[in-house]
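Heads up: the structure comes next, in structure tokens.
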Amino acid sequence: MEARILLQNDWPEALRKNEGEAWVACKIPGKPTVYGTLKSQGVSDDGCLEITASEEFRVLGVSKITCMDISCGGGLGLSTSTDGTMKIWNCKNGERRRELTGHVYDVNCCRFFPSGMVVLSGGMDTLVKVWSAENGSCPVTFKGHKAGILDTAVVERGRNVLSCSRDGTARLWDCGKSVCLAVVADCGAPINGCSVGVADNTINQGSPEEPSSDREVGTEDKLLLLAREDKKLQAVGLQSRQPIFLFEGSDAFNCCTFLSSIYVLTGTQDGNIYKLDTRNAKTAVQTIHRSGAPVYSLMPYREGFIVSQGDGSCYLIQQDLDHVIELTGPEADPVYKAAAWEKCIFTCCRDGLVRKYQLSDL
């Protein structure tokens, strides 16, 4: 038998408190059990818990879950971590199915392709990777960005994908040839989030400056949103590469998403959520402000949308009913991402936990 590490059953909750403690024990066959303690020293500058151990033990590192997604059929979950790994797990019971290893440093973003059997990821190592969810292999790696990848998007069925980076560029990639088809935008500031959607047919996106490659598929009617660090939300015609609008907000933009071909949402570092009309985005149609904490993710859901923020709040806003449903649990730990399938909502948090919520009929 090998040595076993045992932890206090509520250790995640205990160590989330400043100076909180939890016991730890190591059982070695044929030897006395070794007992010790873990103690929380607060949160580091990069948002991770600082944990120390008594002299019998050593803390090698503390990782946090940075992003997650749910497959189209709701059967598989995907989560990324600061330890450079991704995990695929069963949505019903949380059982780990496989681990995807290949990034160096933090994996910042992940998503399933529409098929639910292929995964797209981006990390601080500047790489964008395509994985098989079935066997964990990585047949495609995109190289070209000069700084960490912060978000990705899939165009239609996934022959082309998009990435945005701290280097200020958004790039369009061809999965079949593993090449960069175009630098769609060069913003001069980090791009924290991106989203691609069908543009309203009244928006003039202009004509491509050059004939598009035959490897470029499904971009002709698409609009690309870019949430920028310099307080700007930029919209670009995906095929034309032409600017459509530039909206200036109150602080750095962290995320953005399409509600429809007309309306989009975007969230800022100081807690503002803007609803914009893409046909006239000079001013916001609506501004929502529930706290001053950063807005980390926005996701359309049924007749409304899900918001997660840096103060631990995560909630569902139903637009027509002007009704808010709170998702409790994380307390003060930032909720980095929310994903949903049918009546289930999943969230990932700095405390390293993925939470699953079951909603009744709304």
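The values are calculated or read from the model by the stated rules, or taken from the named source; none is laboratory data. Please read these numbers as outputs of a predicted model, since none were measured by experiment. Here Cβ is always computed from backbone atoms with ideal geometry, including for glycine, and neighbour counts include all displayed protein chains.
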* To do: Show the residue pairs that are 6+ apart or on different chains and have beta-carbon atoms under 7 Å apart, the first residue being within region 280-303 and in a loop (DSSP other than H, G, I, E, B), the second being of a type in the set (Phe, Trp, Tyr) and surrounded by 15 or more Cβ atoms within 10 Å (Cβ to Cβ).
  => Ala281/Phe245; Ala281/Phe247; Ala284/Tyr274
* Asked: Applying the selection to region 117-152, what residues are touching a Ser or Thr at 6+ places or on another chain (Cβ under 6 Å) and closer than 20 Å to Leu76 by Cα?
  -> Leu120, Gly122, Lys129, Thr152
* **Qualifying position, being of a type outside the set (S, T, N, Q) and without any contact (Cβ under 8 Å) to a residue 60 or more places away in the chain, among Glu331, Glu342, Glu326** => Glu326
* To do: Return only the number of the condition from (1) over 26 Å from Ser79 (Cα atoms); (2) touching a Lys or Arg at 6+ places or on another chain (Cβ under 8 Å) that Gly292 does not satisfy.
  => (2)
* To do: Take Lys275 and decide whether it is crowded, with 19+ Cβ neighbours inside 10 Å, in a strand (DSSP E or B), at pLDDT 95 or above and charged (D, E, K, R).
  => no
* Test: Ser165 is in contact with a Pro (Cβ under 9 Å, 6 or more places away or on another chain), touching a residue at least 24 places away in the same chain (Cβ under 8 Å) and within 23 Å of Pro294 (Cα to Cα) -> yes
* Structure fact -> Taking region 304-336 and keeping only residues that are assigned to a strand (DSSP E or B) and surrounded by 18 or more Cβ atoms within 10 Å (Cβ to Cβ), one is left with Gly304, Phe305, Ile306, Val307, Ser308, Gln309, Cys314, Tyr315, Leu316, Ile317, Val335, Tyr336
* Run down Leu120, Leu49 and say which single residue is buried (at least 19 other Cβ atoms within 10 Å of the Cβ) and at pLDDT below 85. => Leu49
* **Residue check, Val107 modelled with pLDDT under 95, within 22 Å of Ala227 (Cβ to Cβ) and under 18 Å from the mean Cα position of the chain (by Cα)** => yes
* To do: Kindly indicate whether any position in region 54-75 is part of a strand (DSSP E or B), loosely packed, with under 14 Cβ neighbours inside 10 Å and either within 16 Å of the chain's Cα centre (by Cα) or touching a residue at least 24 places away in the same chain (Cβ under 8 Å) (or both).
  => no
* **region 18-34, subset of a type outside the set (Val, Ile, Thr) and loosely packed, with under 14 Cβ neighbours inside 10 Å, residue modelled with the highest pLDDT** => Pro32
* Quick one: is Val285 closer than 27 Å to Phe247 by Cβ, surrounded by 17 or more Cβ atoms within 10 Å (Cβ to Cβ) and out of contact with any Phe, Trp or Tyr (no Cβ under 6 Å at 6 or more places or on another chain)? -> no
* Taking the condition touching a Pro at 6+ places or on another chain (Cβ under 6 Å) and part of a loop (DSSP other than H, G, I, E, B), does Gln205 pass? -> no
